[in-house]
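The values are calculated or read from the model by the stated rules, or taken from the named source; none is laboratory data. Values in this document were obtained by computation on a predicted structure and should not be read as measured data. When we count neighbours, we look across all protein chains shown, and the Cβ atoms used for this are built from the backbone with ideal geometry, even at glycine. Only protein heavy atoms, including side chains, enter the accessible area calculation; ligands, DNA and RNA are left aside. Shrake-Rupley method; radii C 1.70, N 1.55, O 1.52, S 1.80 Å.
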Amino acid sequence: MLQNLKKMELKKNEINICLFSLCISLLTYGYGLMNFSLPIDAQEEVINPNFMLSVGRWGICLIRYHLFHGYTPYFTPLVSLVLLCLSSLMLIKLLNIQGIYAYAFCILYLTFPQLAYQLVFITQADAIALGYVLSIISIWLFIKSIEISNKRKAVIYFLFACFIAMFTLSIYQAFIFVILVVYLSYLLFKDSRKKLSYKYEISKSIVFILFIVVSALFYVISLKLVGIKGYDDYIESSYTSHNSLKNTIFNFINLLKIQLLGKAYFGNSLYIIATLLFILSIFKYFLEKKIFQLRTIILSAILILPFFISLFITGGYHPPRLYLATNISFSIIIIDFFLKIKKQNMTIVLVSFVGAINVLFITQLYYSQKRVRDFEVIEANKMDLIIRTKYPEFKENINPVYFHGGLEKANRFKLNNSEVFGGSFLQWNGGNNGLILGFFRYYNIANYKMIEKDDFIKIKDSINNMPIWPDYGSVKMVEGVVIIKLGEEYGYLHF
(Lines give C-alpha, C1' and ligand atoms only; values in the text may rest on other atoms or scores of the structure.)
Protein backbone atom coordinates (compact mmCIF):
# COMPACT_ATOMS: atom_id res chain seq x y z
CA MET A 1 0.00 0.00 0.00
CA LEU A 2 2.76 2.43 0.97
CA GLN A 3 4.68 1.50 -2.18
CA ASN A 4 1.64 2.23 -4.35
CA LEU A 5 1.19 5.60 -2.65
CA LYS A 6 4.84 6.43 -3.23
CA LYS A 7 4.54 5.48 -6.91
CA MET A 8 1.44 7.64 -7.28
CA GLU A 9 3.22 10.53 -5.62
CA LEU A 10 6.22 10.11 -7.94
CA LYS A 11 3.98 10.06 -11.02
CA LYS A 12 2.17 13.16 -9.77
CA ASN A 13 5.50 14.96 -9.29
CA GLU A 14 6.61 13.94 -12.78
CA ILE A 15 3.38 15.25 -14.32
CA ASN A 16 3.77 18.52 -12.40
CA ILE A 17 7.37 18.89 -13.61
CA CYS A 18 6.30 18.17 -17.21
CA LEU A 19 3.57 20.79 -17.09
CA PHE A 20 5.90 23.28 -15.41
CA SER A 21 8.60 22.63 -18.03
CA LEU A 22 6.14 23.12 -20.88
CA CYS A 23 4.93 26.42 -19.39
CA ILE A 24 8.52 27.63 -18.99
CA SER A 25 9.32 26.63 -22.59
CA LEU A 26 6.27 28.41 -24.01
CA LEU A 27 7.06 31.50 -21.95
CA THR A 28 10.68 31.50 -23.08
CA TYR A 29 10.23 30.76 -26.78
CA GLY A 30 6.66 31.97 -27.22
CA TYR A 31 7.59 34.99 -29.32
CA GLY A 32 9.76 32.94 -31.66
CA LEU A 33 7.11 30.22 -31.82
CA MET A 34 4.34 32.60 -32.89
CA ASN A 35 6.43 34.93 -35.07
CA PHE A 36 8.35 32.77 -37.54
CA SER A 37 10.87 34.42 -39.82
CA LEU A 38 13.36 32.56 -41.99
CA PRO A 39 16.74 32.62 -40.19
CA ILE A 40 20.00 33.05 -42.06
CA ASP A 41 21.07 29.68 -40.65
CA ALA A 42 18.44 28.12 -42.90
CA GLN A 43 20.72 28.71 -45.88
CA GLU A 44 21.24 24.97 -46.36
CA GLU A 45 17.46 24.49 -46.33
CA VAL A 46 16.83 27.05 -49.08
CA ILE A 47 19.82 26.09 -51.26
CA ASN A 48 20.72 22.43 -50.65
CA PRO A 49 18.45 20.27 -48.46
CA ASN A 50 20.97 17.40 -48.71
CA PHE A 51 23.74 19.48 -47.14
CA MET A 52 23.50 17.73 -43.77
CA LEU A 53 23.94 14.33 -45.39
CA SER A 54 27.20 15.50 -46.94
CA VAL A 55 28.64 16.36 -43.50
CA GLY A 56 27.88 12.99 -41.94
CA ARG A 57 24.62 13.91 -40.21
CA TRP A 58 22.41 11.29 -41.79
CA GLY A 59 20.27 11.16 -38.64
CA ILE A 60 19.10 14.74 -39.27
CA CYS A 61 18.22 13.90 -42.87
CA LEU A 62 16.22 10.88 -41.71
CA ILE A 63 14.27 12.88 -39.12
CA ARG A 64 13.84 16.12 -41.04
CA TYR A 65 13.17 15.01 -44.60
CA HIS A 66 11.86 11.46 -44.27
CA LEU A 67 9.84 11.65 -41.05
CA PHE A 68 8.74 15.31 -40.94
CA HIS A 69 9.18 16.23 -44.64
CA GLY A 70 10.96 19.51 -43.97
CA TYR A 71 10.47 22.38 -41.56
CA THR A 72 6.95 23.46 -40.64
CA PRO A 73 6.66 26.84 -38.85
CA TYR A 74 5.11 26.56 -35.38
CA PHE A 75 4.84 22.74 -35.50
CA THR A 76 8.58 21.98 -35.73
CA PRO A 77 9.66 24.31 -32.90
CA LEU A 78 6.72 23.08 -30.79
CA VAL A 79 7.92 19.48 -31.22
CA SER A 80 11.39 20.68 -30.24
CA LEU A 81 10.10 22.28 -27.05
CA VAL A 82 8.18 19.14 -26.06
CA LEU A 83 11.31 17.03 -26.58
CA LEU A 84 13.41 19.50 -24.57
CA CYS A 85 10.87 19.31 -21.74
CA LEU A 86 11.08 15.52 -21.88
CA SER A 87 14.88 15.64 -21.73
CA SER A 88 14.64 17.95 -18.71
CA LEU A 89 12.44 15.45 -16.86
CA MET A 90 14.74 12.57 -17.82
CA LEU A 91 17.79 14.39 -16.45
CA ILE A 92 15.98 15.15 -13.21
CA LYS A 93 15.10 11.46 -12.81
CA LEU A 94 18.58 10.25 -13.78
CA LEU A 95 20.26 12.62 -11.32
CA ASN A 96 17.55 12.18 -8.66
CA ILE A 97 17.02 15.92 -8.22
CA GLN A 98 14.03 16.49 -5.97
CA GLY A 99 11.81 19.20 -4.56
CA ILE A 100 12.29 22.85 -5.41
CA TYR A 101 15.65 22.03 -7.00
CA ALA A 102 13.93 19.99 -9.73
CA TYR A 103 11.86 23.01 -10.76
CA ALA A 104 14.92 25.25 -10.54
CA PHE A 105 16.80 22.87 -12.82
CA CYS A 106 13.99 23.06 -15.41
CA ILE A 107 14.19 26.85 -15.50
CA LEU A 108 17.98 26.93 -15.87
CA TYR A 109 18.12 24.11 -18.41
CA LEU A 110 15.28 25.27 -20.67
CA THR A 111 15.89 29.02 -20.67
CA PHE A 112 19.62 28.97 -21.32
CA PRO A 113 20.01 31.27 -24.40
CA GLN A 114 22.39 28.95 -26.23
CA LEU A 115 19.38 26.72 -26.93
CA ALA A 116 17.85 29.53 -28.99
CA TYR A 117 20.86 29.35 -31.33
CA GLN A 118 20.09 25.64 -31.73
CA LEU A 119 16.37 26.04 -32.33
CA VAL A 120 16.79 28.88 -34.83
CA PHE A 121 18.85 26.59 -37.09
CA ILE A 122 15.75 25.19 -38.80
CA THR A 123 17.65 22.45 -40.62
CA GLN A 124 18.19 20.64 -37.33
CA ALA A 125 15.94 22.23 -34.69
CA ASP A 126 13.73 19.23 -33.91
CA ALA A 127 16.55 16.73 -34.43
CA ILE A 128 18.76 18.54 -31.91
CA ALA A 129 16.04 18.36 -29.26
CA LEU A 130 15.67 14.63 -29.94
CA GLY A 131 19.44 14.32 -29.61
CA TYR A 132 19.27 15.47 -25.98
CA VAL A 133 16.65 12.79 -25.25
CA LEU A 134 18.69 10.06 -26.95
CA SER A 135 21.91 11.12 -25.19
CA ILE A 136 20.24 10.68 -21.80
CA ILE A 137 18.71 7.33 -22.84
CA SER A 138 22.12 6.07 -23.95
CA ILE A 139 23.63 6.97 -20.55
CA TRP A 140 20.70 5.37 -18.72
CA LEU A 141 21.23 2.13 -20.67
CA PHE A 142 24.97 2.25 -20.05
CA ILE A 143 24.45 2.66 -16.31
CA LYS A 144 22.07 -0.32 -16.35
CA SER A 145 24.72 -2.36 -18.15
CA ILE A 146 27.35 -1.75 -15.46
CA GLU A 147 24.99 -2.18 -12.51
CA ILE A 148 23.10 -5.31 -13.58
CA SER A 149 24.47 -8.63 -12.33
CA ASN A 150 23.31 -10.76 -15.29
CA LYS A 151 26.20 -10.64 -17.78
CA ARG A 152 24.07 -11.49 -20.81
CA LYS A 153 21.62 -8.68 -20.06
CA ALA A 154 24.53 -6.37 -19.30
CA VAL A 155 25.96 -6.94 -22.78
CA ILE A 156 22.54 -6.35 -24.37
CA TYR A 157 22.09 -3.09 -22.46
CA PHE A 158 25.64 -2.05 -23.41
CA LEU A 159 25.09 -2.68 -27.14
CA PHE A 160 21.73 -0.90 -27.10
CA ALA A 161 23.43 2.06 -25.42
CA CYS A 162 26.11 2.09 -28.12
CA PHE A 163 23.59 1.95 -30.98
CA ILE A 164 21.55 4.82 -29.52
CA ALA A 165 24.72 6.86 -28.95
CA MET A 166 25.71 6.10 -32.56
CA PHE A 167 22.41 7.44 -33.87
CA THR A 168 22.79 10.50 -31.63
CA LEU A 169 26.17 11.22 -33.24
CA SER A 170 24.56 10.89 -36.67
CA ILE A 171 22.28 13.77 -35.67
CA TYR A 172 25.18 16.00 -34.64
CA GLN A 173 28.71 14.80 -33.86
CA ALA A 174 29.07 17.36 -31.05
CA PHE A 175 26.57 15.31 -29.00
CA ILE A 176 29.56 13.28 -27.83
CA PHE A 177 30.15 16.10 -25.34
CA VAL A 178 26.54 15.97 -24.15
CA ILE A 179 26.93 12.25 -23.48
CA LEU A 180 30.15 12.89 -21.54
CA VAL A 181 28.69 15.74 -19.47
CA VAL A 182 25.52 13.79 -18.64
CA TYR A 183 27.54 10.84 -17.36
CA LEU A 184 29.85 13.09 -15.32
CA SER A 185 26.78 14.83 -13.87
CA TYR A 186 25.48 11.42 -12.85
CA LEU A 187 28.76 10.73 -11.05
CA LEU A 188 28.68 14.13 -9.35
CA PHE A 189 25.14 13.69 -8.02
CA LYS A 190 25.82 10.08 -7.16
CA ASP A 191 28.39 11.46 -4.71
CA SER A 192 25.52 13.06 -2.78
CA ARG A 193 23.74 9.71 -2.32
CA LYS A 194 26.52 7.18 -2.20
CA LYS A 195 30.18 7.30 -1.33
CA LEU A 196 32.51 7.20 -4.31
CA SER A 197 35.82 5.37 -4.38
CA TYR A 198 38.77 5.85 -6.70
CA LYS A 199 39.08 2.14 -7.49
CA TYR A 200 35.40 1.69 -8.31
CA GLU A 201 35.12 4.83 -10.45
CA ILE A 202 38.33 4.13 -12.37
CA SER A 203 37.13 0.63 -13.25
CA LYS A 204 33.77 1.95 -14.41
CA SER A 205 35.45 4.79 -16.30
CA ILE A 206 37.38 2.23 -18.35
CA VAL A 207 34.08 0.60 -19.33
CA PHE A 208 32.66 4.03 -20.14
CA ILE A 209 35.62 4.80 -22.41
CA LEU A 210 34.95 1.47 -24.15
CA PHE A 211 31.31 2.53 -24.58
CA ILE A 212 32.39 5.82 -26.22
CA VAL A 213 34.90 4.05 -28.50
CA VAL A 214 32.41 1.40 -29.62
CA SER A 215 29.71 4.03 -30.22
CA ALA A 216 32.14 6.10 -32.34
CA LEU A 217 33.16 2.97 -34.24
CA PHE A 218 29.49 2.15 -34.96
CA TYR A 219 29.04 5.71 -36.23
CA VAL A 220 32.03 5.45 -38.60
CA ILE A 221 30.66 2.15 -39.93
CA SER A 222 27.24 3.77 -40.42
CA LEU A 223 28.85 6.47 -42.60
CA LYS A 224 30.25 3.73 -44.83
CA LEU A 225 26.91 1.93 -44.99
CA VAL A 226 25.01 5.11 -45.86
CA GLY A 227 27.65 5.92 -48.48
CA ILE A 228 28.73 9.34 -47.21
CA LYS A 229 31.97 10.64 -48.75
CA GLY A 230 33.91 13.89 -48.45
CA TYR A 231 32.94 14.41 -44.80
CA ASP A 232 36.55 14.91 -43.67
CA ASP A 233 37.16 17.42 -46.49
CA TYR A 234 34.24 19.57 -45.30
CA ILE A 235 35.44 19.59 -41.69
CA GLU A 236 38.97 20.52 -42.73
CA SER A 237 37.89 23.30 -45.09
CA SER A 238 35.29 24.79 -42.74
CA TYR A 239 36.70 24.48 -39.26
CA THR A 240 40.40 23.62 -39.29
CA SER A 241 43.63 25.30 -40.27
CA HIS A 242 47.22 24.29 -39.82
CA ASN A 243 48.05 26.08 -36.58
CA SER A 244 50.90 24.98 -34.33
CA LEU A 245 50.04 23.03 -31.19
CA LYS A 246 51.17 25.98 -29.06
CA ASN A 247 48.87 28.40 -30.90
CA THR A 248 46.00 25.93 -30.82
CA ILE A 249 46.19 25.54 -27.04
CA PHE A 250 46.69 29.29 -26.52
CA ASN A 251 43.65 30.10 -28.70
CA PHE A 252 41.54 27.53 -26.88
CA ILE A 253 42.45 28.97 -23.47
CA ASN A 254 41.51 32.47 -24.64
CA LEU A 255 38.22 31.25 -26.07
CA LEU A 256 37.47 29.28 -22.90
CA LYS A 257 38.10 32.41 -20.84
CA ILE A 258 35.64 34.37 -22.99
CA GLN A 259 33.00 31.66 -22.63
CA LEU A 260 33.37 31.29 -18.85
CA LEU A 261 33.19 35.05 -18.34
CA GLY A 262 29.99 35.24 -20.37
CA LYS A 263 31.37 37.32 -23.24
CA ALA A 264 31.05 34.81 -26.08
CA TYR A 265 27.74 35.83 -27.64
CA PHE A 266 24.55 37.77 -26.91
CA GLY A 267 22.74 35.99 -24.07
CA ASN A 268 25.83 34.28 -22.70
CA SER A 269 26.56 36.93 -20.06
CA LEU A 270 25.01 35.03 -17.13
CA TYR A 271 27.36 32.07 -17.60
CA ILE A 272 29.72 33.88 -15.25
CA ILE A 273 27.33 32.88 -12.42
CA ALA A 274 28.12 29.21 -13.05
CA THR A 275 31.84 30.02 -13.16
CA LEU A 276 31.70 31.82 -9.81
CA LEU A 277 29.66 29.06 -8.18
CA PHE A 278 32.11 26.51 -9.58
CA ILE A 279 34.93 28.26 -7.71
CA LEU A 280 32.88 28.35 -4.49
CA SER A 281 32.04 24.65 -4.87
CA ILE A 282 35.71 23.72 -5.27
CA PHE A 283 36.52 25.73 -2.14
CA LYS A 284 33.72 23.94 -0.26
CA TYR A 285 35.03 20.55 -1.45
CA PHE A 286 38.44 21.48 -0.11
CA LEU A 287 37.03 22.40 3.30
CA GLU A 288 35.04 19.16 3.50
CA LYS A 289 38.16 17.11 2.60
CA LYS A 290 36.00 14.24 1.31
CA ILE A 291 37.48 12.79 -1.90
CA PHE A 292 38.40 16.35 -2.80
CA GLN A 293 40.48 15.45 -5.88
CA LEU A 294 37.85 13.23 -7.52
CA ARG A 295 34.98 15.66 -6.97
CA THR A 296 37.12 18.55 -8.24
CA ILE A 297 38.08 16.63 -11.39
CA ILE A 298 34.44 15.75 -12.13
CA LEU A 299 33.12 19.27 -11.59
CA SER A 300 36.00 20.80 -13.59
CA ALA A 301 35.28 18.44 -16.48
CA ILE A 302 31.58 19.40 -16.41
CA LEU A 303 32.58 23.06 -16.63
CA ILE A 304 35.15 22.73 -19.43
CA LEU A 305 33.99 19.80 -21.60
CA PRO A 306 31.11 21.67 -23.31
CA PHE A 307 33.72 23.96 -24.90
CA PHE A 308 36.35 21.31 -25.58
CA ILE A 309 35.26 20.94 -29.21
CA SER A 310 36.92 24.30 -29.88
CA LEU A 311 40.31 22.74 -29.19
CA PHE A 312 39.89 20.84 -32.46
CA ILE A 313 38.40 23.77 -34.40
CA THR A 314 41.35 25.90 -35.42
CA GLY A 315 39.73 27.73 -38.34
CA GLY A 316 38.60 30.65 -36.19
CA TYR A 317 34.82 30.12 -36.41
CA HIS A 318 33.10 28.96 -33.23
CA PRO A 319 29.29 29.35 -33.56
CA PRO A 320 27.29 29.02 -30.32
CA ARG A 321 25.44 25.96 -31.65
CA LEU A 322 28.66 23.92 -31.28
CA TYR A 323 28.38 24.01 -27.50
CA LEU A 324 25.46 21.63 -27.07
CA ALA A 325 26.23 20.75 -23.45
CA THR A 326 26.47 24.28 -22.05
CA ASN A 327 22.86 24.39 -20.83
CA ILE A 328 23.46 21.14 -18.93
CA SER A 329 26.78 22.32 -17.49
CA PHE A 330 25.32 25.69 -16.48
CA SER A 331 22.33 24.08 -14.73
CA ILE A 332 24.26 21.29 -13.03
CA ILE A 333 26.92 23.56 -11.51
CA ILE A 334 24.32 25.95 -10.07
CA ILE A 335 22.00 23.23 -8.74
CA ASP A 336 24.89 21.22 -7.29
CA PHE A 337 26.07 24.29 -5.36
CA PHE A 338 22.65 25.01 -3.84
CA LEU A 339 22.06 21.36 -3.03
CA LYS A 340 25.29 21.39 -1.05
CA ILE A 341 24.52 24.57 0.94
CA LYS A 342 20.78 23.71 1.28
CA LYS A 343 19.48 27.27 0.81
CA GLN A 344 16.07 26.94 -0.88
CA ASN A 345 15.06 30.61 -0.63
CA MET A 346 18.36 31.72 -2.13
CA THR A 347 17.89 29.15 -4.92
CA ILE A 348 14.42 30.50 -5.75
CA VAL A 349 15.64 34.11 -5.88
CA LEU A 350 18.72 33.45 -8.04
CA VAL A 351 17.03 31.02 -10.43
CA SER A 352 14.03 33.32 -10.89
CA PHE A 353 16.39 36.18 -11.72
CA VAL A 354 18.41 34.07 -14.18
CA GLY A 355 15.26 32.70 -15.82
CA ALA A 356 13.72 36.15 -16.28
CA ILE A 357 16.90 37.59 -17.81
CA ASN A 358 17.26 34.58 -20.12
CA VAL A 359 13.68 34.99 -21.35
CA LEU A 360 14.46 38.65 -22.05
CA PHE A 361 17.62 37.75 -24.00
CA ILE A 362 15.88 35.10 -26.12
CA THR A 363 12.89 37.32 -26.90
CA GLN A 364 15.23 40.13 -27.96
CA LEU A 365 17.07 37.75 -30.27
CA TYR A 366 13.91 36.58 -32.04
CA TYR A 367 12.51 40.10 -32.22
CA SER A 368 15.68 41.48 -33.81
CA GLN A 369 15.56 38.73 -36.41
CA LYS A 370 11.94 39.47 -37.27
CA ARG A 371 12.70 43.17 -37.71
CA VAL A 372 15.55 42.41 -40.11
CA ARG A 373 13.46 39.92 -42.09
CA ASP A 374 10.43 42.25 -42.35
CA PHE A 375 12.71 44.98 -43.68
CA GLU A 376 14.26 42.61 -46.24
CA VAL A 377 10.91 41.35 -47.50
CA ILE A 378 9.77 44.94 -48.10
CA GLU A 379 13.01 45.78 -49.94
CA ALA A 380 12.89 42.57 -51.99
CA ASN A 381 9.34 43.32 -53.16
CA LYS A 382 10.44 46.81 -54.19
CA MET A 383 13.31 45.34 -56.22
CA ASP A 384 11.02 42.89 -57.99
CA LEU A 385 8.49 45.64 -58.74
CA ILE A 386 11.19 47.87 -60.29
CA ILE A 387 12.50 45.01 -62.45
CA ARG A 388 9.05 44.20 -63.84
CA THR A 389 8.07 47.87 -64.26
CA LYS A 390 11.35 48.97 -65.84
CA TYR A 391 11.76 45.92 -68.06
CA PRO A 392 8.36 44.47 -69.09
CA GLU A 393 10.18 42.00 -71.36
CA PHE A 394 11.90 40.39 -68.33
CA LYS A 395 11.27 36.62 -68.00
CA GLU A 396 12.25 34.75 -64.82
CA ASN A 397 13.21 31.56 -66.65
CA ILE A 398 15.23 33.37 -69.33
CA ASN A 399 16.88 36.46 -67.83
CA PRO A 400 19.37 35.82 -64.98
CA VAL A 401 19.44 38.21 -62.02
CA TYR A 402 22.73 39.18 -60.39
CA PHE A 403 22.93 40.88 -56.97
CA HIS A 404 26.18 42.82 -56.58
CA GLY A 405 27.47 43.31 -53.04
CA GLY A 406 25.47 43.32 -49.82
CA LEU A 407 22.86 45.67 -48.38
CA GLU A 408 24.41 47.02 -45.18
CA LYS A 409 21.18 48.71 -44.04
CA ALA A 410 19.58 45.29 -43.59
CA ASN A 411 21.68 44.67 -40.47
CA ARG A 412 20.69 47.84 -38.63
CA PHE A 413 18.29 45.91 -36.35
CA LYS A 414 20.82 43.19 -35.54
CA LEU A 415 21.97 42.92 -31.92
CA ASN A 416 25.69 43.09 -31.19
CA ASN A 417 27.42 39.71 -30.99
CA SER A 418 24.21 37.83 -31.83
CA GLU A 419 25.82 35.61 -34.49
CA VAL A 420 23.10 34.28 -36.85
CA PHE A 421 20.20 36.09 -35.15
CA GLY A 422 19.43 39.12 -37.29
CA GLY A 423 21.74 37.91 -40.05
CA SER A 424 20.62 39.38 -43.39
CA PHE A 425 20.06 37.37 -46.56
CA LEU A 426 20.75 40.55 -48.53
CA GLN A 427 24.09 41.09 -46.82
CA TRP A 428 25.48 37.67 -45.74
CA ASN A 429 28.95 36.90 -47.24
CA GLY A 430 28.96 40.47 -48.54
CA GLY A 431 26.20 39.45 -50.91
CA ASN A 432 25.64 35.78 -51.80
CA ASN A 433 23.48 35.25 -54.88
CA GLY A 434 22.55 31.69 -53.91
CA LEU A 435 21.25 32.85 -50.53
CA ILE A 436 19.46 35.89 -51.94
CA LEU A 437 17.72 33.94 -54.70
CA GLY A 438 16.73 31.28 -52.17
CA PHE A 439 15.30 34.02 -49.94
CA PHE A 440 13.24 35.44 -52.84
CA ARG A 441 11.89 31.93 -53.60
CA TYR A 442 11.08 31.10 -49.97
CA TYR A 443 8.97 34.23 -49.51
CA ASN A 444 7.28 33.73 -52.91
CA ILE A 445 8.57 37.06 -54.20
CA ALA A 446 10.19 35.68 -57.34
CA ASN A 447 11.98 32.63 -58.74
CA TYR A 448 14.94 34.24 -60.47
CA LYS A 449 17.47 32.42 -62.61
CA MET A 450 21.03 32.15 -61.25
CA ILE A 451 23.76 33.98 -63.17
CA GLU A 452 26.54 31.92 -64.76
CA LYS A 453 30.17 32.85 -65.33
CA ASP A 454 29.70 33.71 -69.02
CA ASP A 455 26.84 36.07 -68.12
CA PHE A 456 28.96 37.74 -65.44
CA ILE A 457 31.80 38.40 -67.88
CA LYS A 458 29.34 40.25 -70.15
CA ILE A 459 28.10 42.58 -67.38
CA LYS A 460 31.02 43.15 -64.98
CA ASP A 461 32.25 46.33 -66.73
CA SER A 462 28.78 47.89 -66.38
CA ILE A 463 28.63 47.59 -62.59
CA ASN A 464 31.10 50.25 -61.38
CA ASN A 465 29.21 53.25 -62.75
CA MET A 466 25.87 52.18 -61.30
CA PRO A 467 24.49 53.79 -58.09
CA ILE A 468 23.60 51.53 -55.17
CA TRP A 469 20.17 50.54 -53.88
CA PRO A 470 17.63 52.13 -53.32
CA ASP A 471 18.51 54.45 -56.24
CA TYR A 472 16.29 53.72 -59.24
CA GLY A 473 19.40 53.31 -61.39
CA SER A 474 20.68 50.50 -59.14
CA VAL A 475 18.49 48.11 -61.17
CA LYS A 476 19.69 47.68 -64.74
CA MET A 477 19.43 45.11 -67.53
CA VAL A 478 22.58 44.52 -69.57
CA GLU A 479 22.54 42.02 -72.47
CA GLY A 480 19.60 40.18 -70.98
CA VAL A 481 21.06 40.04 -67.43
CA VAL A 482 19.46 42.07 -64.64
CA ILE A 483 21.92 43.70 -62.23
CA ILE A 484 20.80 44.86 -58.79
CA LYS A 485 23.60 46.76 -57.09
CA LEU A 486 23.24 46.46 -53.31
CA GLY A 487 26.78 47.56 -52.42
CA GLU A 488 30.09 48.72 -53.92
CA GLU A 489 32.19 45.66 -53.01
CA TYR A 490 31.97 42.26 -54.66
CA GLY A 491 30.27 39.62 -52.56
CA TYR A 492 30.49 35.83 -52.74
CA LEU A 493 30.64 34.45 -56.29
CA HIS A 494 29.73 30.79 -56.82
CA PHE A 495 31.95 30.39 -59.89
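Looking only at region 441-480, which residues are part of a helix (DSSP H, G or I) and closer than 15 Å to residue 491 by Cβ? Those that are part of a helix (DSSP H, G or I) and closer than 15 Å to residue 491 by Cβ: 456, 459, 460, 474.
Selection of region 318-337 for residues being open to solvent by less than 30 Å² (accessible area, probe 1.4 Å), in a loop (DSSP other than H, G, I, E, B) and either in contact with a helix residue (DSSP H, G or I) (Cβ under 6 Å, 6 or more places away or on another chain) or closer than 21 Å to residue 182 by Cα (or both) yields 323, 324, 325.
Taken together, the criteria place residue 340 among residues that are in a helix (DSSP H, G or I), basic (Lys, Arg) and closer than 29 Å to residue 25 by Cβ. Among the residues of region 457-478, those that are in contact (Cβ under 8 Å) with a residue 24 or more places away in the chain and either small (Gly, Ala, Ser) or open to solvent by 20 Å² or more (accessible area, probe 1.4 Å) (or both) comprise 468, 470, 472, 477. With respect to the conditions (1) open to solvent by less than 20 Å² (accessible area, probe 1.4 Å); (2) in a loop (DSSP other than H, G, I, E, B); (3) β-branched (Val, Ile, Thr), residue 436 lacks only one, and its number is (2).
Listed here are the residues, each with its yes/no results for (1) part of a helix (DSSP H, G or I); (2) in contact with a Phe, Trp or Tyr (Cβ under 6 Å, 6 or more places away or on another chain); (3) in contact (Cβ under 8 Å) with a residue 40 or more places away in the chain; (4) within 28 Å of residue 272 (Cα to Cα).
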| residue | (1), (2), (3), (4) |
| --- | --- |
| 38 | no, yes, yes, no |
| 42 | yes, no, yes, no |
| 80 | yes, no, yes, yes |
| 135 | yes, yes, yes, yes |
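The set of residues from region 50-78 being at positive phi and in contact with a Phe, Trp or Tyr (Cβ under 9 Å, 6 or more places away or on another chain) comprises 56, 74. Which members of region 270-295 meet the condition of being touching a residue at least 12 places away in the same chain (Cβ under 8 Å) and not in a helix (DSSP H, G or I)? Passing the criteria: 270, 291. Please work out if residue 305 is under 19 Å from the mean Cα position of the chain (by Cα), hydrophobic (A, V, I, L, M, F, W, C), surrounded by fewer than 22 Cβ atoms within 10 Å (Cβ to Cβ) and within 24 Å of residue 96 (Cα to Cα). It is true that residue 305 is under 19 Å from the mean Cα position of the chain (by Cα), hydrophobic (A, V, I, L, M, F, W, C), surrounded by fewer than 22 Cβ atoms within 10 Å (Cβ to Cβ) and within 24 Å of residue 96 (Cα to Cα). Quick check on my filter: what residues within region 44-60 are open to solvent by 40 Å² or more (accessible area, probe 1.4 Å) and either at pLDDT below 60 or within 22 Å of residue 74 (Cβ to Cβ) (or both)? Selection gives 47, 48, 49. The condition (being of a type in the set (Asp, Glu), open to solvent by 80 Å² or more (accessible area, probe 1.4 Å), over 25 Å from residue 423 (Cα atoms) and modelled with pLDDT under 90) is satisfied by just one residue among 14, 9: 9. Taking the numbered list (1) at pLDDT 90 or above; (2) open to solvent by 10 Å² or more (accessible area, probe 1.4 Å); (3) part of a loop (DSSP other than H, G, I, E, B); (4) over 30 Å from residue 173 (Cβ atoms) in turn, residue 415 passes all entries but (4). Against the test of being in a helix (DSSP H, G or I), within 25 Å of the chain's Cα centre (by Cα) and modelled with pLDDT of 85 or more, the options 210, 180 yield a single qualifying residue, 180. Taking the conditions (1) out of contact with any Phe, Trp or Tyr (no Cβ under 7 Å at 6 or more places or on another chain); (2) closer than 14 Å to residue 369 by Cα; (3) open to solvent by 10 Å² or more (accessible area, probe 1.4 Å) in turn, residue 424 satisfies each one other than (3). Residue pairs whose Cβ atoms lie under 7 Å apart, sitting 6 or more positions apart in sequence or on different chains, and linking a residue in region 321-340 that is charged (D, E, K, R) to a partner that is open to solvent by 10 Å² or more (accessible area, probe 1.4 Å) and in a helix (DSSP H, G or I), are 340/284. Here residue 491 meets each of (1) farther than 30 Å from residue 265 by Cα; (2) touching a helix residue (DSSP H, G or I) at 6+ places or on another chain (Cβ under 8 Å); (3) in contact (Cβ under 8 Å) with a residue 24 or more places away in the chain with one exception, condition (1).
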